[in-house]
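Undergrad: Have a look at this one.
The values are calculated or read from the model by the stated rules, or taken from the named source; none is laboratory data. Here the structure is a predicted model, which is why all the values come from computation and not from measurement. All Cβ positions, even for glycine, are placed from backbone atoms using ideal geometry, and neighbour counts span all protein chains on display.
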Amino acid sequence: MAIAAWRLAQRWCPSFPVVQLHMNRAAMTASQKDFENAMNQVKLLKKDPGNEVKLKLYALYKQATEGPCNMPKPGVFDLINKAKWDAWNTLGSLPKETARQNYVDLVSSLSSSLESSSQVEPGTDRKSTGYETLMVTSEGGITKITLNRPAKKNAINVEMYHEIMRALKAASKDDSSITVLTGNGDYYSSGNDLTNFTDIPPGGVEEKAKNSAILLREFVGCFIDFPKPLIAVVNGPAVGISVTILGLFDVVYASDRATFHTPFSHLGQSPEGCSSYTFLKIMGPAKATEMLVFGKKLTAGEACAQGLVTAVFPDSTFQKEVWTRLKAFAKLPPNAMRISKEVIRNREKEKLHAVNAEECSVLQERWLSDECMNAVVNFLSRKSKL
Ligand SMILES: CCCCCCCCCCC/C=C/C(=O)SCCNC(=O)CCNC(=O)[C@H](O)C(C)(C)COP(=O)(O)OP(=O)(O)OC[C@H]1O[C@@H](n2cnc3c(N)ncnc32)[C@H](O)[C@@H]1OP(=O)(O)O
């Protein structure tokens with residue numbers, strides 16, 4: 001979120017605007033002019049430079065305008081004023097001119113590093129290229145990852161698994177506050193692309209199953225470890241792994257057209273995405289068993305009643321209502337959201353990684369079973385659909 005310097009400066013130095021106005025203009029030198037420009041530049045910073053830098057700016061500003069620290073030392077419990085006093089006092093007898101120069105240098109380094117970061121003006125849609133199966137955009141603090149194989153109902157092929165991991169890793173490091181996963185077209189996702197089973201390497205199906213278990217474990221691990229609020233915008237039916245990983249999202253919004261289907265037994269497979277743990281916690285063992293063992297397909301309303309979905313919206317107003325909410329979330333302080341997520345999720349992480357490892361190892365065996373092979377062959381020979 002953009003931070004206006006007057007807000008920044010006022011917080012750290014309440015007398016900032018007054019001091020600025022009463023500067024001795026007659027004594028203006030080139031470096032005084034640079035100093036004033038730098039103060040203006042601070043106002044244009046689009047990204048909060050962090051408390052440490054703000055303290056440095058405050059201290060250098062005070063030193064440049066008032067000389068060595070002349071405030072009484074605040075009490076130990078007056079944390080903010082104590083931090084400011086410490087920062088200023090540390091500058092000792094640094095000459096005003098040097099402080100001014102240091103302030104200008106610091107602002108200049110901030111401007112180049114923060115401006116060249118991937119900060120996006122509200123309304124500017126920054127589109128990431130280099131994805132074959134996804135559309136990834138960043139706008140107004142929201143990174144949006146769209147599954148983009150609508151002709152295949154957004155089935156997740158091996159390339160898409162890798163690209164989703166890449167997009168999540170990039171989103172975890174970019175300057176967005178929240179990340180959204182959604183689907184293009186009428187489906188959210190039809191789950192694992194069943195043609196993934198057809199590309200058998202020279203090492204045979206055992207090697208394929210082993211590599212797939214490694215891929216799946218890494219894929220689910222990215223969701224377990226994702227540090228920012230992660231929101232699913234479920235625009236239509238969701239199947240298989242696209243449903244199970246919802247238990248690792250922070251919020252799930254669904255259109256009333258969406259359905260939630262995990263037909264693992266029908267496919268000779270077993271639950272993944274940590275659903276053998278998260279679904280039990282979310283909806284209790286009986287409802288989780290109906291879904292994960294008996295393949296009961298839930299409507300959006302049912303999924304909401306069972307806690308898997310946060311809120312359901314009529315399809316006609318789905319996008320409008322959801323994006324209004326998301327835009328408001330994206331304006332909240334990003335660090336607070338990230339830390340709150342950490343507090344909520346961290347104690348479960350180790351458990352989730354253990355569950356993930358166990359589910360992948362069970363699936364590795366399942367993929368080699370006749371039950372699974374027959375189900376895949378039936379789908380691929382168009383003998384069966386869900
Ligand atoms: C050794 C093992 C290696 C495997 C690698 C594993 C990696 C990790 C695996 C993680 C485990 C995940 C498990 C799951 O996700 S289980 C769920 C799997 N999904 C399905 O079973 C859905 C299958 N699809 C369907 O039943 C129907 O397509 C569907 C009901 C979704 C839609 O039906 P509809 O009639 O509306 O549309 P079409 O069937 O005509 O579909 C349009 C085209 O899309 C293709 N399609 C759709 N879904 C898939 C899919 N999951 N896999 C592959 N292809 C899919 C469909 O074939 C159509 O294509 P064409 O137009 O070319 O015919």
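Undergrad: Assess whether L267 counts as being of a type in the set (A, V, I, L, M), crowded, with 22+ Cβ neighbours inside 10 Å and either free of Cβ contacts under 8 Å to residues at least 12 places away in the same chain or more than 14 Å from L352 (Cα to Cα) (or both).
TA: Answer is yes for this residue.
Undergrad: Follow-up question, since we're still on this one. Scan the stretch 181-195 for residues that are within 6 Å of the ligand (Cβ to nearest atom) and in a loop (DSSP other than H, G, I, E, B) and jot them down.
TA: Answer for the stretch 181-195, where residues must be within 6 Å of the ligand (Cβ to nearest atom) and in a loop (DSSP other than H, G, I, E, B): S190, G191, D193.
Undergrad: State whether the residues of the stretch 196-204 include one that is within 19 Å of the chain's Cα centre (by Cα), more than 8 Å from the ligand (Cβ to nearest atom), surrounded by fewer than 22 Cβ atoms within 10 Å (Cβ to Cβ) and of a type outside the set (V, I, T).
TA: No: zero hits.
Undergrad: Would you mind stating whether V376 is part of a helix (DSSP H, G or I), within 14 Å of the ligand (Cβ to nearest atom), in contact with a Phe, Trp or Tyr (Cβ under 9 Å, 6 or more places away or on another chain) and not aromatic (F, W, Y)?
TA: Judged against the criteria, V376 is a match.
Undergrad: Check off (1) under 20 Å from the mean Cα position of the chain (by Cα); (2) of a type outside the set (D, E); (3) modelled with pLDDT of 95 or more for N157 and give me the number that stays unchecked.
TA: (1)
Undergrad: Considering only residues that are closer than 15 Å to F219 by Cβ and among the hydrophobic types (A, V, I, L, M, F, W, C), look in the stretch 233-284 and name the one that is nearest to the ligand (Cβ to nearest atom).
TA: So, considering only residues that are closer than 15 Å to F219 by Cβ and among the hydrophobic types (A, V, I, L, M, F, W, C), the one nearest to the ligand (Cβ to nearest atom) is I241.
Undergrad: When P72 is evaluated against the numbered criteria (1) surrounded by fewer than 13 Cβ atoms within 10 Å (Cβ to Cβ); (2) in contact (Cβ under 8 Å) with a residue 60 or more places away in the chain; (3) not polar (S, T, N, Q), which criterion, by number, is the only one it fails?
TA: Failing condition for P72: (2).
Undergrad: Let me ask something additional. Starting from residues that are within 27 Å of A336 (Cβ to Cβ), among the β-branched types (V, I, T) and buried (at least 23 other Cβ atoms within 10 Å of the Cβ), keep the ones in the stretch 151-180 and report whichever is farthest from the ligand (Cβ to nearest atom).
TA: I178
Undergrad: Is it the case, given these coordinates, that S381 is surrounded by fewer than 13 Cβ atoms within 10 Å (Cβ to Cβ), within 16 Å of the ligand (Cβ to nearest atom) and of a type in the set (S, T, Y)?
TA: So S381 passes the test.
Undergrad: While we're looking at this one, here's another question. How many residues does the stretch 322-339 hold that are surrounded by 14 or more Cβ atoms within 10 Å (Cβ to Cβ) and assigned to a helix (DSSP H, G or I)?
TA: 10
Undergrad: For residues in the stretch 80-102 being outside any loop (DSSP other than H, G, I, E, B) and in contact with a Gly (Cβ under 9 Å, 6 or more places away or on another chain), which is farthest from E52 (Cα to Cα)?
TA: Checking each candidate, the answer is K96.
Undergrad: Could you tell me how many of the residues in the stretch 216-227 are farther than 13 Å from A167 by Cα and part of a loop (DSSP other than H, G, I, E, B)?
TA: So the count comes out to 1.
Undergrad: Quick test for you: out of Q364, Q306, pick the one residue that is within 15 Å of the ligand (Cβ to nearest atom) and either in contact with a Lys or Arg (Cβ under 7 Å, 6 or more places away or on another chain) or closer than 30 Å to D175 by Cβ (or both).
TA: Exactly one residue qualifies, and that residue is Q364.
Undergrad: I would also like to ask the following. What is the number of the single condition among (1) of a type in the set (A, V, I, L, M); (2) surrounded by 24 or more Cβ atoms within 10 Å (Cβ to Cβ); (3) more than 14 Å from the ligand (Cβ to nearest atom) that A288 does not meet?
TA: The one condition A288 does not meet is (2).
Undergrad: Looking at the stretch 208-227, can you tell me whether even one residue there is more than 10 Å from the ligand (Cβ to nearest atom), buried (at least 22 other Cβ atoms within 10 Å of the Cβ) and either among the β-branched types (V, I, T) or at positive phi (or both)?
TA: Looking through the stretch 208-227, none of the residues is more than 10 Å from the ligand (Cβ to nearest atom), buried (at least 22 other Cβ atoms within 10 Å of the Cβ) and either among the β-branched types (V, I, T) or at positive phi (or both).
Undergrad: With the structure loaded, tell me whether I145 is crowded, with 22+ Cβ neighbours inside 10 Å, free of Cβ contacts under 8 Å to residues at least 40 places away in the same chain and of a type outside the set (D, E) or whether it fails that test.
TA: yes
Undergrad: Now for a separate question. Please enumerate the residues belonging to the stretch 94-136 that are loosely packed, with under 12 Cβ neighbours inside 10 Å and either among the acidic types (D, E) or modelled with pLDDT of 90 or more (or both).
TA: E121, D125, G130, E132 - these are the residues of the stretch 94-136 that are loosely packed, with under 12 Cβ neighbours inside 10 Å and either among the acidic types (D, E) or modelled with pLDDT of 90 or more (or both).
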